[in-house]
1. Of all residues in the stretch 90-112 being farther than 15 Å from VAL43 by Cβ and surrounded by fewer than 14 Cβ atoms within 10 Å (Cβ to Cβ), which is farthest from ligand 2 (Cβ to nearest atom)?
2. Away from ligand 2 (no atom under 16 Å from the Cβ), of a type in the set (Ser, Thr, Tyr) and closer than 25 Å to ARG121 by Cα: is that true of TYR44 in this structure?
3. Select from the stretch 21-38 the residues that are surrounded by fewer than 19 Cβ atoms within 10 Å (Cβ to Cβ) and either over 14 Å from the mean Cα position of the chain (by Cα) or away from ligand 1 (no atom under 16 Å from the Cβ) (or both) and list them in ascending order.
4. Looking only at the stretch 42-68, which residues are within 16 Å of GLY3 (Cα to Cα) and assigned to a helix (DSSP H, G or I)?
5. Only residues that are within 21 Å of ASP128 (Cα to Cα), of a type outside the set (Gly, Ala, Ser) and either modelled with pLDDT of 95 or more or away from ligand 2 (no atom under 15 Å from the Cβ) (or both): list them for the stretch 63-89, please.
6. Name the single residue, out of those in the stretch 1-38 being free of Cβ contacts under 8 Å to residues at least 60 places away in the same chain and in contact with a helix residue (DSSP H, G or I) (Cβ under 6 Å, 6 or more places away or on another chain), that is farthest from ILE117 (Cα to Cα).
7. So, ALA126, is that one within 15 Å of ligand 2 (Cβ to nearest atom), assigned to a loop (DSSP other than H, G, I, E, B) and loosely packed, with under 15 Cβ neighbours inside 10 Å or not?
8. Can you tell me which residue in the stretch 60-86 is nearest to TYR44 (Cα to Cα), limited to those that are in contact with a Ser or Thr (Cβ under 8 Å, 6 or more places away or on another chain) and polar (S, T, N, Q)?
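The values are calculated or read from the model by the stated rules, or taken from the named source; none is laboratory data. Values in this document were obtained by computation on a predicted structure and should not be read as measured data. Backbone-built Cβ (ideal geometry, glycine too); neighbour counts: all protein chains shown.
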Amino acid sequence: MNGKCNCGSVSFEISGALPALYHCYCTLCQKQGGGASNAATIVYLENFQWISGERKIEKWQKDTGFSSHFCIDCGSPVPNEFRSKYVWIPFGLMEGVSPVVRANLWLNSKPGWAAPIALERNYDSAPDNIAEFVEYLNAIEHV
Ligand SMILES: [Zn+2]
Ligand SMILES: [Zn+2]
């Protein structure tokens, strides 16, 4: 399954089973995406491949570790690798797939104007155990 930014400069491919996605309501994601939350997922590095445009990516890194990677031509957020084994995927870039939506993150900072949505998991802030959370997102049950 493939994804790309608005202008198409940056494109990538995800292999393996389609992961579930989550909405993150942290204040950083609000400003990064311009909305109440980011719709995203996290995949294992070995299931991720750039197709084009790696040189078109600019990065902004906050002292706390949050980093925002974006296409320098169109400004779309683009995937970024973290902890040397995961890749964060802004899900709006994906094309032609319909994932299961499993979790809300950072409900403590959800703005009052955001539509209420209760999901299978609802975290007040970030999950304590990222490894477990990534496993959960990628544990697709085939029926
Ligand atoms: Zn672009
Ligand atoms: Zn966030």
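1. Among them, the one singled out is GLY96.
2. The answer is yes for TYR44.
3. Within the stretch 21-38, THR27, LEU28, LYS31, GLY34, GLY35, ALA36 meet the criteria.
4. LEU45, ASN47, GLU54, LYS56
5. Matches in the stretch 63-89: ASP63, ASN80, GLU81, ARG83, LYS85, TYR86, VAL87, TRP88, ILE89.
6. Top of the filtered list is SER15.
7. yes
8. The residue in question is ASN80.
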